[in-house]
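Before any comments, here is the structure.
The values are calculated or read from the model by the stated rules, or taken from the named source; none is laboratory data. Remember, predicted model here, so these are calculated numbers, not experimental data. Ideal geometry is used to build each Cβ from the backbone, glycine not excepted, and the neighbour counts take in all protein chains shown. For accessibility, only protein heavy atoms count, side chains too; no ligands or nucleic acids. Shrake-Rupley method; radii C 1.70, N 1.55, O 1.52, S 1.80 Å.
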Amino acid sequence: MSVELKSAVELEGMRQSGRINAQIRRLLWDAIRPGVTGLELDQLAKKAIKEHGAEPTFLGYAPMGKPPYPGAICYSVNEELVHGIPGGRALQEGDIVTIDLGVTYKGWVSDAAFTAVVGDVGDEARALIETTRRALWAGIEEMKPGNRLGDVSHAIGAKAGTYGIVTGYGGHGVGRKMHMEPHVPNYGRAGTGLRLQAGMVLALEPMFSMGAPATEETDDDWTVVMCDGSLSAHWEETVAITANGPEVLTRLD
Ligand code: MG
């Protein structure tokens with residue numbers, strides 16, 4: 001496995017991309033309310049990305065013979081896990097919505113996601129979302145030189161409790177391209193796997209479900225849903241490993 005190490009100059013490029021990503025996620029977060037549609041949020045993202053002189057990384061992305069992805073954001077509501085396509089349905093009180101955003105700035109990609117609530121969703125959904133967010137930050141804390149990739153994966157998975165851990169998707173290296181080595185599973189054994197070094201940049205992205213963790217793709221070829229229709233949550237940050245520990249490049253202030 002060859003994992004890219006970023007130089008100080010390259011890391012500065014990643015930082016700039018990450019800052020733009022955070023600003024646009026903040027805009028989207030603030031725009032979420034009953035009545036707004038995925039298409040409206042996608043337009044908001046497209047416009048803001050352009051204003052920053054950046055490009056939407058996801059737009060036109062077409063891996064492995066898939067149709068080109070049509071949005072700037074992935075927009076996944078309730079039992080939709082990831083890669084949902086923004087559409088014309090209005091958000092309703094009680095929905096939960098995951099927005100995943102890729103930004104490319106001067107060739108550097110940042111990738112981050114959050115799950116937000118629409119109005120009052122009840123304690124169960126809130127607990128799922130909060131547990132998934134904490135799992136992300138538990139993984140981030142392990143991103144130190146000398147630790148192993150398994151320490152990160154284990155820290156994430158250990159937070160799941162009774163929730164399902166989605167195993168078909170996970171984190172990844174990120175840099176000039178969105179998906180790079182290594183794959184970062186959301187479960188694993190501490191003390192095993194790749195040795196972490198300063199200069200590595202990884203996107204960590206835990207995904208937990210209220211029910212069974214099995215997923216399937218719908219016939220739009222993109223949207224991934226939970227097979228049992230249960231709620232799911234997803235959080236992601238792009239994080240650099242530095243000599244001083246983790247630096248969260250996409251952090252929302
Ligand atoms: Mg990602």
Residues of type aspartates and glutamates that Lys47 reaches as a straight line, Cα spacing below 15 Å, ignoring anything fewer than 8 places off in the same chain: Glu55
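Give me the accessible area per residue for the chain, probe 1.4 Å, as a whole number in Å².
Working: 10840 Å² over 253 residues.
Each residue of the chain exposes 43 Å² on average to a 1.4 Å probe.
Share of segment 1-104's accessible area from carbon and sulfur, percent, 1.4 Å? Walk me through the numbers on the way to the answer.
Details: 2620 of 4750 Å².
Reported share for carbon and sulfur atoms: 55 percent.
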Can you give the Rg to Rh ratio for the chain, taking only C-alpha atoms and Rh from Kirkwood? 0.94
Mind checking which of Tyr75, Tyr163, Tyr61 has the largest fluctuation in a GNM of the chain, springs on alpha carbons under 10 Å? Tyr61
To the nearest 0.05, what FRET efficiency results for Thr218 and Arg26 with a Förster distance of 30 Å applied to their C-beta separation? 0.55
Name all residues of segment 225-253 having a backbone nitrogen under 14 Å from the label point set 7 Å from the Cα of Arg134 along its Cα→Cβ direction, giving them as ranges. none
Under 10 Å, Cα contacts only: if you run a Gaussian network model on the chain, which one of Gly38, Gly164, Gly122 comes out with the highest mean-square fluctuation? Gly122
Taking 0.36 nm per residue of sequence separation and subtracting the Cα-Cα distance, how much length would be gained by fully extending the chain between Met64 and Cys227, in nm to one decimal? 56.4 nm
In whole Å, how far is the Cα centre of segment 13-44 from that of segment 99-153? 15
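With 19 Å as the limit, write out which pairs from Lys6/Lys106; Lys106/Lys177; Lys6/Lys66 have Cα-Cα distances beyond it, or answer none.
Working: Lys6/Lys106 15 Å; Lys106/Lys177 12 Å; Lys6/Lys66 30 Å.
Correct reply: Lys6/Lys66.
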Apply the Karplus parameterisation 6.51 cos²θ - 1.76 cosθ + 1.60, with θ equal to phi minus 60°, to every residue of segment 213-221 and state each ³J(HN,Hα) to the nearest whole Hz, in sequence, with x for glycine and proline. x, 5, 10, 9, 8, 7, 7, 7, 6
Please turn the phi angles of segment 197-212 into ³J(HN,Hα) values with the Karplus equation 6.51 cos²θ - 1.76 cosθ + 1.60 (θ = phi - 60°), one per residue in order, whole Hz, x for glycine and proline. 10, 4, x, 6, 10, 10, 9, 9, 8, x, 9, 10, 10, 5, x, 5
Nonlocal amide H pairs with Thr215, under 5 Å, H built at 1.01 Å: Cys227
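Can you compute the helix-only [θ] at 222 nm over the chain? Use -39500 (n - 2.57) per DSSP H run of at least 4 residues, normalise by all residues, nearest 500 deg cm²/dmol. Write down the numbers at each step before the final one.
Values: 4 runs with 66 residues, N = 253.
So the helix-based figure for the chain works out to -8500 deg cm²/dmol.
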